[in-house]
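Quick notes on the structure that follows.
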Amino acid sequence: MDGIDRRILDIIQTQFPLSPTPFKEVGERLGIGEEEVIERIKALKEKGIIRRIGATFEPRKLGFTSTLCAASVPEERIEEFVAVVNSYPGVTHNYERDHDYNIWFTLIGRSKEEIERSIAEIEERTGIRGIKNLPTIRRFKINVSFSFERP
Amino acid sequence: MDEVTRQICRIIQEDIPLSPRPFLEIARRVGKTEEEVLRIVEDLKEKGIIRKFGAVLGHRKAGFRANGMVVWNVPEGERERVGNIMASFKEVTHCYERPTMDGWRYSIFTMVHGKTREECLAIAERISEATGIKDYRVLFSTREFKKRSMKYF
């Protein structure tokens, strides 16, 4: 990844042009051709640096609600627990963290009740009890972009 | 939301085509013009239904290998003030208030991404100094089991 790649990443994360020829416009800002922009983006995708290019939706505006859950799972049961949790389509992130509550996952659902039902079901299916349900009370910030070149 | 808009959302919730005219390709698939597709996407963005349009990175592969969830024990009356200060740090990507309960006393959650753990710990320390909140924990991720974008459509 060189300097041009990093500048491309900065632009297409936060200022992706919603125009007929977005890659041409990115190239114009960097003094390179449209084809080179597309080739570089392809390579960044192949390396897994770019996961996708598209829309990120606001769940609340679409009638969804989300929560963060924490579970305390014994080491030898993690694999089985994670398999059950990840089988839910509303689970988008699932991480192991270094704490007594060692498994943290996000869960999106149609309602608080649906989320509570899913958590109860996960407890039932895995035998792991006491999963903490920590829905957002207030959102101060969400900005998932990573800056590479600071001006 | 009409059916064409849903069809467009179904495409853009995943990946747009990597071609010179990505929106023209989408337009052909849904039977609209390029201009109409762009107008629909702009409109969804203006309404806040689309929060962001652009590249989503695999942050680990992009060099941000350390990801610390910092949880803070902030007294009830101070959460507004403290949450806003925490959100003002550019290294903080998410800042949420969440409920406390028996066995869980931390009310504010911030996500901090850095190149190393040390970098994340140093950021947390600076936030602690700026807010006066001393009771906090940095929970680093040790394994990633799932990370994907939600399929709403």
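Converting phi to 3J(HN,Hα) with the Karplus coefficients 6.51, -1.76 and 1.60 and the offset θ = phi - 60°, the stretch A:92-104 yields 10, 10, 8, 10, 8, 10, 7, 7, 4, 7, 9, 10, 10 Hz in sequence order, with x at every glycine or proline. Computed about its Cα centre, the charge dipole of the protein assembly as shown is approximately 160 debye, with only Lys, Arg, Asp and Glu carrying charge at their Cβ. In order along the stretch A:106-120, the phi-based Karplus estimate (6.51 cos²θ - 1.76 cosθ + 1.60, θ = phi - 60°) of 3J(HN,Hα) comes to 9, 9, 10, x, 6, 7, 4, 5, 4, 5, 4, 4, 4, 5, 4 Hz; Gly and Pro are listed as x.
What's the average, rounded to a whole number, of partner chain beta-carbon atoms within 10 Å of each residue's beta-carbon in B:113-126? Show your work: numbers first, answer last.
On the way: counts 2, 0, 0, 0, 0, 0, 0, 0, 0, 0, 0, 0, 0, 0.
Per residue, the average neighbour count from other chains is 0.
Charged side chains reduced to their Cβ positions (Lys and Arg at +1, Asp and Glu at -1) give the stretch A:59-135 a dipole of some 540 debye around its Cα centre. Amide H to amide H, with H built 1.01 Å from N, A:Val91 comes under 5 Å of A:Ile108, counting only residues 5 or more places away or on other chains.
Taking amide hydrogens as placed 1.01 Å from N in the peptide plane, the amide H of A:Arg51 sits under 5 Å from those of B:Val56, B:Leu57, B:Gly58, each at least 5 positions away in sequence or on another chain.
With R₀ fixed at 41 Å, the C-beta to C-beta distance from A:Thr14 to A:Asn86 puts the FRET efficiency at about 0.85. Helix A:3-14 versus the longest principal axis of chain A: what is the Cα-based angle in degrees, 0 to 90, to the nearest 10? Here the helix axis deviates by roughly 60 degrees. In chain A, helices alone account for a calculated mean residue ellipticity at 222 nm of -12000 deg cm²/dmol, with every DSSP H run of four or more residues adding -39,500 (n - 2.57).
A Gaussian network model of chain B, with springs between Cα atoms under 10 Å, assigns the largest mean-square fluctuation among B:Arg60, B:Arg28, B:Arg105 to B:Arg28. Note on B:130-143: average number of Cβ atoms from other chains within 10 Å of each residue's Cβ is 3.
Going 7 Å from the Cα of B:Asp2 toward and past its Cβ, which residues in the stretch B:30-69 have a backbone nitrogen under 18 Å from where you end up? Backbone N within reach: B:30-47. For chain B, the tally of Lys pairs with Cα-Cα distances below 22 Å comes to 17, considering only residues 8 or more apart or on different chains. Between B:Ser88 and B:Arg28, the FRET efficiency from the beta-carbon distance, with R0 = 45 Å, is close to 0.50. With each label modelled as a point 7 angstrom along the Cα→C-beta vector, the B:Asn73-B:Asp43 pair spans 5.2 nm.
Computed over the stretch A:19-151, relative contact order equals 23 percent, with contacts defined as Cα pairs under 8 Å that lie 6+ residues apart.
If R₀ is 22 angstrom, what is the calculated FRET efficiency for the pair A:Ala120 and A:Glu75, using the beta carbon separation as r and rounding to 0.05? Don't skip to the answer; put the middle values down first.
Details: r = 24 Å, r/R0 = 1.10.
Between A:Ala120 and A:Glu75 the formula returns 0.35.
Read-outs: derived from the displayed coordinates by stated rules, not from any lab. Bear in mind the structure is a predicted one, so any value in this text is a computation, not a measurement. As a convention, Cβ positions derive from the backbone with ideal geometry for all residues, glycine included, and neighbour counts pool all protein chains shown.
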